[in-house]
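The next block holds one structure in the form of structure tokens; read it before the comments.
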Amino acid sequence: MRQITNHLPTAELQALDAAHHMHPFTTNDALGKKGARVITRADGVMLTDSEGNEIIDGMAGLWCVNVGYGRQELADVAARQIMELPYYNTFFQTTHVPAIALAARIAELAPGDLNHVFFASSGSEANDTNIRMVRHYWALKGQPERSVIIGRKNGYHGSTMGSASLGGMAAMHAQGGLPIPGIVHIGQPHWYLEGGEMTPEEFGLMRARELEQAILEIGPEKVAAFIGEPVQGAGGVIIPPSTYWPEIQRIVDKYGILLIADEVITGFGRTGNWFGSQTMGIKPHIMTIAKGLSSGYAPIGGSVVCDEVAAVIGADEFNHGYTYSGHPVAAAIALENLRIMEEEGVVEHVRDVAHPYLAQKWHALAEHPLVGETRLIGLMGSLALTPDKSRRVPFAAEAGTAGFITRERCFANNVIMRHVYDRMIIAPSLVITPDEIDILIARATRALDEAYVQIKAEGLLKAA
Ligand code: PXG
């Protein structure tokens, strides 16, 4: 067998990648011609690529490496668990210690009576579980017609048929026959681009009340649940106005529908509390978790379910589950990750050190000629690129053109920031230090400077 290792020249790795590896959310032909960046190792918040570049990771992988790269404890736990029990299922009246211990620990950390965990291997799978669970819940309560789930435009809940249907990404719905039946989308609380002349508070209320309108149009007796991310992540780190979630909570309470908080990004410290629901002051019946649960060291996710829903579901056989539900190695890694987070005070570090320090630096970027607004909650932030600092307007060029140029300048300056259309976003590891934040901001500033010059030179600095 041919050995493919880090020691092959970059061009050879890229050619093999182009020949055999299909990338997610990518035009593979174009990437194949250009060559993907090959990441070879990582430590703390720094990545190394096959050319020896040291890149500061402003995205914690894909919003997940909360405790940073290179944690020996997580490697040791994985090795131990593999030798003790690498796999066993949790289907046929069996269980194992890693699944028991992790479920119990999550129940301790989760707010209120969210005391029960149904495991999956990803956020997408967990949200598919949620669709079936909430519909089955209402069927068991004698209301099978209560099956509609309301989500939001530009929400992101995953990439499977079910989870992508819950999400409101137009580009995803355009492919593969989505959404599945029985899912309805309301507007998002994106004040900067959609708020017009309203104050953020007025706009937040208006968008939340779209939920009530939708419930009344569909018929309250047909609505099973509402799902939302406490703070939209993939949609561009859209932090809702302060009026939004309290009004959503009032409406779900009034009509007695289930509230699903998708905490895949906001869970496990990202917003400065263990869960984004705590930061937003909401009381979900179900939380979706993944990513930071294991800091990305193993694929694991799940649905954290309140006592009442678990009791109703528990009275019948729920015909649902995954081979890897509660996978012992993934569960052991997640448990150790949660131990590290607690013992090192990672959530407190976000709240008391990293957020206040980053906030100063991040909001100072609002002075930059290319930046229209800066937003930050905990360690998830975004900035709007703008063609005109005096107004909240999009670029005349196709949405995402300026964002793509800026992301390329980030790559060139060895800093990873994502772009979502023309918003730049960051979500660094939660253990990032003030010194590392300085590096992140210095490189981001250089990237913005260079992007500004290029956008101007290409005649793209025009408002729509
Ligand atoms: N819910 C939320 C809120 C997410 O952010 C998922 C569910 C799906 O999780 P899995 O583990 O199935 O991917 C996510 C995932 C991006 C990006 O570009 C974001 C995600 C995934 C891929 C890319 O920001 N979030």
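Output the residues belonging to the stretch 147-186 that are within 11 Å of the ligand (Cβ to nearest atom) and part of a loop (DSSP other than H, G, I, E, B). Passing the criteria: 155, 156, 157, 158, 159, 160, 167, 169.
Listed here are the residues, each with its yes/no results for (1) outside the structural domain of residue 336 (by TED's automatic domain parsing); (2) surrounded by fewer than 21 Cβ atoms within 10 Å (Cβ to Cβ); (3) farther than 24 Å from residue 348 by Cα; (4) within 13 Å of the ligand (Cβ to nearest atom).
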residue	(1), (2), (3), (4)
265	no, no, no, yes
273	no, yes, no, no
279	no, yes, no, no
283	no, yes, no, no
287	no, no, no, yes
302	no, no, yes, yes
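Checked against (1) within 11 Å of the ligand (Cβ to nearest atom); (2) crowded, with 24+ Cβ neighbours inside 10 Å, residue 296 passes all but condition (2). Which ones in the stretch 300-336 are under 22 Å from the mean Cα position of the chain (by Cα), part of a helix (DSSP H, G or I) and β-branched (Val, Ile, Thr)? Passing the criteria: only 333. For the stretch 295-317, enumerate the residues that are in contact with a Leu (Cβ under 8 Å, 6 or more places away or on another chain) and of a type in the set (Gly, Ala, Ser). Selection gives 295, 296, 301, 302, 315. So which of 386, 406 ends up being more than 30 Å from residue 46 (Cβ to Cβ) and crowded, with 23+ Cβ neighbours inside 10 Å? Selected residue: 386, the only one of 386, 406 that is more than 30 Å from residue 46 (Cβ to Cβ) and crowded, with 23+ Cβ neighbours inside 10 Å. The residues in the stretch 11-65 that are touching a residue at least 12 places away in the same chain (Cβ under 8 Å), part of a helix (DSSP H, G or I) and closer than 20 Å to residue 410 by Cα can be counted, and the count is 5. Every test in (1) more than 26 Å from residue 342 (Cβ to Cβ); (2) surrounded by fewer than 11 Cβ atoms within 10 Å (Cβ to Cβ); (3) at pLDDT 95 or above is passed by residue 72 save one, and that test is (1). Selection of the stretch 255-284 for residues being within 22 Å of residue 213 (Cβ to Cβ) and in a loop (DSSP other than H, G, I, E, B) yields 256, 257, 282, 284.
Scanning the stretch 22-42 for residues that are surrounded by fewer than 14 Cβ atoms within 10 Å (Cβ to Cβ), farther than 28 Å from residue 156 by Cα and of a type outside the set (Lys, Arg) turns up nothing.
Among the residues of the stretch 366-375, is there at least one that is under 25 Å from residue 279 (Cβ atoms), in a helix (DSSP H, G or I) and either aliphatic (A, V, I, L, M) or touching a residue at least 60 places away in the same chain (Cβ under 8 Å) (or both)? Yes, the stretch 366-375 has at least one match.
The values are calculated or read from the model by the stated rules, or taken from the named source; none is laboratory data. Not measured: the values here are computed from a predicted model. Cβ sites come from the backbone with ideal geometry, for glycine too, and all protein chains shown count toward neighbours.
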